[in-house]
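Colleague: Before we start, here is the structure in question, set down as structure tokens.
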Amino acid sequence: MAGHEEAAGEPRDGAGRLTTASPTGRRVLGSAVLGSGMAMLDGTIVTVALPRVGDDFGVPISGLQWILNAYMLTLAGLILLGGGLGDRFGRRRVFVWGVVWFAVASVLCGLAPSAPALIAARALQGVGGALLTPGSLALIQSSFARDQRAKAVGLWSGLGGVATALGPFLGGWLVDGPGWRWIFLINVPLAAAVLLLTRAVPESRDWAASGRFDVPGAVLAALSLGGVTFALINAPALWALAGGLLLGAAFVRRERRAARPMLPLGVFRSRLFTAANAVTLCLYAAIGGVFFLLPTQLQNGLGYDALTAGVASLPVTLLLTVLSGPAGALSHRIGPRLPLTLGPLVAAVGLVLLHRVRPGGSYWTDVFPGVLVQGLGMSLFVAPLTATVLASVEVRRAGVASGVNNAAARVAQLVAVAALPLATGLSADQYRSAEAVDRAFGRAVLLCAGLMLLGALIAWFAVPGRLAPHAPEPQCTRHCAVGAPPLEPGGRRPAAGPPGRAGGGGTGDG
């Protein structure tokens, strides 16, 4: 994420003087929370509406996959680039660009006359999300005084989770009430509130930022992901798979040679960083897969309305809200290996329990135990995963490492949503059949449980019992979004630990 590491340090123009208790500080925090909250809300609200969208447009399941993946494709492909734009053009300005872009794209989604139009609008919406998500964090880092930043980032992360918790309620109510189009149109008043608050936000930029942005790298990454996604959704499409892989190889070659690469490949010289991202790919592919099919199983398989289907998975969000902070503190004391192994194992048990979710089943005896145990497992591994990523590279690269890890989680979900219907035999219009959905869902949760087990194995053998004592401590101490691990600014506070107990893999040179 070229330029993102600069945002983690001192602002070059002296803008960072605000406190969280000041009126202007509260406005900055409010605008950042509401702005990133729109993107978080989108991550939890759209999956609930997919069965209704499919019925309205009469599209096969591949259409529903593209409605989700068009957004994730541009978001995952551009989020690393978006992190550095504010340093060059002004962090407030780029944040406002992201808000306006996201709102306009949301209107296009809400007014889309056909599935292809909706898919195109969702791709545009992902571009806005790629500006919003890192932009809101950069805004906080550049606006608040140094001794206030950790508190501000913690508030941003915690309050942003409210949007995640509200998503199932709001999404289900809108789908059942005024209609699914309002899950997009609701972003317009939210964006207006953000723009009103940002009038009080001071502008800042990194005056030392120079050189060209890695636009070719971003384009190659997006096209490569698009080719692989197309091949999985429209299998057999070997030409698309070959093209995607060739573009991926071109992307790697580009990043090796670029003066300011979007993805600095040097961070992968750290074996611990590579292992942590392998764990991320496994865990978030499982999460993305189950949360793609669970709302469809509940609505088309069990006959739930959209509101009930959305609220059904709420225990996961509530458990993340309550337990992610204590789990991070526990990992800080005992090291990340055990939580990163036990967490996925517990989540895998939850997914196996969801295998009992069948037509005619009861929520409290069939659905609730599975989502409860899954939420407990996720609460154990989110914070330790972030701490491991930050500890795996040099302190100056911590912000870059967090951005790469966040993008890896989104790529994992992108691939899972594309591949899971193919792997479970759910095709064409079968998602409208309760029997076909039930059969595919049963296979899917077992596959996702297997991914959790694989992540646990990698963590046990590749993650050290203790991290290096100089490792930066995560500032997002409470995180309840299920879509990706938190973005971290690359904190400067060293994590306490016994001297001489450096984590395996050490620090990469970045």
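The values are calculated or read from the model by the stated rules, or taken from the named source; none is laboratory data. All values reported here derive from a predicted model rather than from experimental measurement. Positions of Cβ are backbone-derived with ideal geometry, glycine not excepted, and every protein chain shown enters the neighbour counts. Ligands, DNA and RNA are stripped out before the accessible areas are found, and what is left, the full protein with its side chains, is counted by its heavy atoms. Shrake-Rupley method; radii C 1.70, N 1.55, O 1.52, S 1.80 Å.
Colleague: Out of (1) open to solvent by 10 Å² or more (accessible area, probe 1.4 Å); (2) modelled with pLDDT of 90 or more, what's the single condition that is false for residue 105?
Modeller: (1)
Colleague: Just one of the numbered conditions (1) buried (at least 20 other Cβ atoms within 10 Å of the Cβ); (2) farther than 30 Å from residue 53 by Cα is not true of residue 299; which one?
Modeller: Evaluating residue 299 over (1) buried (at least 20 other Cβ atoms within 10 Å of the Cβ); (2) farther than 30 Å from residue 53 by Cα leaves (2) as the failure.
Colleague: Provide a single number: the residues in the stretch 70-90 that are open to solvent by less than 10 Å² (accessible area, probe 1.4 Å), over 13 Å from the mean Cα position of the chain (by Cα) and under 17 Å from residue 409 (Cα atoms).
Modeller: Number satisfying all stated conditions: 3.
Colleague: Hey, another quick one. Run residue 286 past the list (1) open to solvent by less than 30 Å² (accessible area, probe 1.4 Å); (2) modelled with pLDDT under 95; (3) within 18 Å of residue 442 (Cα to Cα) and report the number of the one that doesn't hold.
Modeller: With (1) open to solvent by less than 30 Å² (accessible area, probe 1.4 Å); (2) modelled with pLDDT under 95; (3) within 18 Å of residue 442 (Cα to Cα) applied to residue 286, the lone miss is (2).
Colleague: Right, here's the next one. Check whether at least one residue in the stretch 420-431 is farther than 17 Å from residue 273 by Cα and in contact with a Gly (Cβ under 7 Å, 6 or more places away or on another chain), and report yes or no.
Modeller: yes
Colleague: Residue check, residue 429 against (1) farther than 18 Å from residue 294 by Cβ; (2) under 14 Å from the mean Cα position of the chain (by Cα), all met but one. Which one?
Modeller: Answer for residue 429: the failing condition is (2).
Colleague: Turning to a different aspect of this structure: Enumerate the helices (runs of 4 or more DSSP H) found wholly within the stretch 329-427, keeping only those where 3 or more residues are farther than 23 Å from residue 460 by Cα, in contact with a Phe, Trp or Tyr (Cβ under 6 Å, 6 or more places away or on another chain) and touching a residue at least 40 places away in the same chain (Cβ under 8 Å).
Modeller: Qualifying helices (runs of 4 or more DSSP H): none found.
Results for (1) farther than 16 Å from residue 445 by Cα; (2) not basic (Lys, Arg), shown as yes or no for each residue.
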position: 307; (1), (2): yes, yes
position: 311; (1), (2): yes, yes
position: 326; (1), (2): yes, yes
position: 337; (1), (2): yes, no
position: 344; (1), (2): no, yes
position: 350; (1), (2): no, yes
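Colleague: Out of the stretch 42-91, which residues are among the charged types (D, E, K, R), farther than 30 Å from residue 214 by Cβ and in contact with a helix residue (DSSP H, G or I) (Cβ under 7 Å, 6 or more places away or on another chain)?
Modeller: 52, the sole residue that qualifies.
Colleague: Here's a follow-up. Kindly check whether there is at least one residue in the stretch 65-82 that is among the β-branched types (Val, Ile, Thr), in a helix (DSSP H, G or I) and farther than 21 Å from residue 190 by Cβ.
Modeller: Initially, the stretch 65-82 is screened for residues among the β-branched types (Val, Ile, Thr), giving 67, 74, 79.
Restricting the remaining residues to those that are in a helix (DSSP H, G or I) gives 67, 74, 79.
Checking the rest, the ones that are also farther than 21 Å from residue 190 by Cβ come to none.
No, the stretch 65-82 has no match at all.
Colleague: Just checking, which of 469, 486 is touching a His at 6+ places or on another chain (Cβ under 9 Å) and part of a loop (DSSP other than H, G, I, E, B)?
Modeller: After applying the criteria, what remains is 486.
Colleague: What residue, among those in the stretch 395-435 that are polar (S, T, N, Q) and over 22 Å from residue 69 (Cβ atoms), is surrounded by the most Cβ atoms within 10 Å (Cβ to Cβ)?
Modeller: Among them, the one singled out is 402.
Colleague: Would you confirm whether or not the stretch 125-143 contains a residue that is open to solvent by 30 Å² or more (accessible area, probe 1.4 Å), out of contact with any Leu (no Cβ under 8 Å at 6 or more places or on another chain) and not polar (S, T, N, Q)?
Modeller: Checking the stretch 125-143: not a single residue is open to solvent by 30 Å² or more (accessible area, probe 1.4 Å), out of contact with any Leu (no Cβ under 8 Å at 6 or more places or on another chain) and not polar (S, T, N, Q).
Colleague: Can you name the residue in the stretch 221-249 that is over 25 Å from the mean Cα position of the chain (by Cα) and in a helix (DSSP H, G or I) and is also surrounded by the fewest Cβ atoms within 10 Å (Cβ to Cβ) among such residues?
Modeller: Checking each candidate, the answer is 238.
Colleague: Go through (1) open to solvent by less than 10 Å² (accessible area, probe 1.4 Å); (2) more than 18 Å from the chain's Cα centre (by Cα); (3) not aromatic (Phe, Trp, Tyr) one by one and return the number of the condition residue 32 breaks.
Modeller: The failed condition is (2).
Colleague: Here's another thing I want to ask about it. Would you confirm, using the coordinates I've provided, whether residue 159 is at pLDDT below 85 and open to solvent by 50 Å² or more (accessible area, probe 1.4 Å)?
Modeller: Working: at pLDDT below 85: yes; open to solvent by 50 Å² or more (accessible area, probe 1.4 Å): yes.
Yes, satisfied.
Colleague: When the residues of the stretch 164-187 are narrowed to those that are open to solvent by less than 20 Å² (accessible area, probe 1.4 Å) and modelled with pLDDT under 80, which ends up farthest from residue 484 (Cα to Cα)?
Modeller: Going through the qualifying residues, I end up with 168.
Colleague: Which ones in the stretch 302-313 are open to solvent by less than 20 Å² (accessible area, probe 1.4 Å) and aliphatic (A, V, I, L, M)?
Modeller: Selection gives 306, 309, 312.
Colleague: Could I ask something else about it? Are any residues in the stretch 370-394 surrounded by fewer than 21 Cβ atoms within 10 Å (Cβ to Cβ) and either in contact with a Lys or Arg (Cβ under 8 Å, 6 or more places away or on another chain) or modelled with pLDDT under 90 (or both), and if so, which ones?
Modeller: 394
Colleague: Name the residues in the stretch 48-69 that are over 18 Å from residue 232 (Cβ atoms) and open to solvent by 10 Å² or more (accessible area, probe 1.4 Å), would you?
Modeller: Correct list: 52, 55, 56, 57, 58.
Colleague: Taking the condition part of a loop (DSSP other than H, G, I, E, B), of a type outside the set (Phe, Trp, Tyr) and open to solvent by 60 Å² or more (accessible area, probe 1.4 Å), does residue 439 pass? Give the steps one after another, and end with the answer.
Modeller: Details: part of a loop (DSSP other than H, G, I, E, B): no; of a type outside the set (Phe, Trp, Tyr): yes; open to solvent by 60 Å² or more (accessible area, probe 1.4 Å): yes.
Judged against the criteria, residue 439 is not a match.
Colleague: Right, something else. Look through 375, 370 and report the one residue that is among the small types (Gly, Ala, Ser) and over 26 Å from residue 272 (Cα atoms).
Modeller: From the options 375, 370, the qualifying one is 370.
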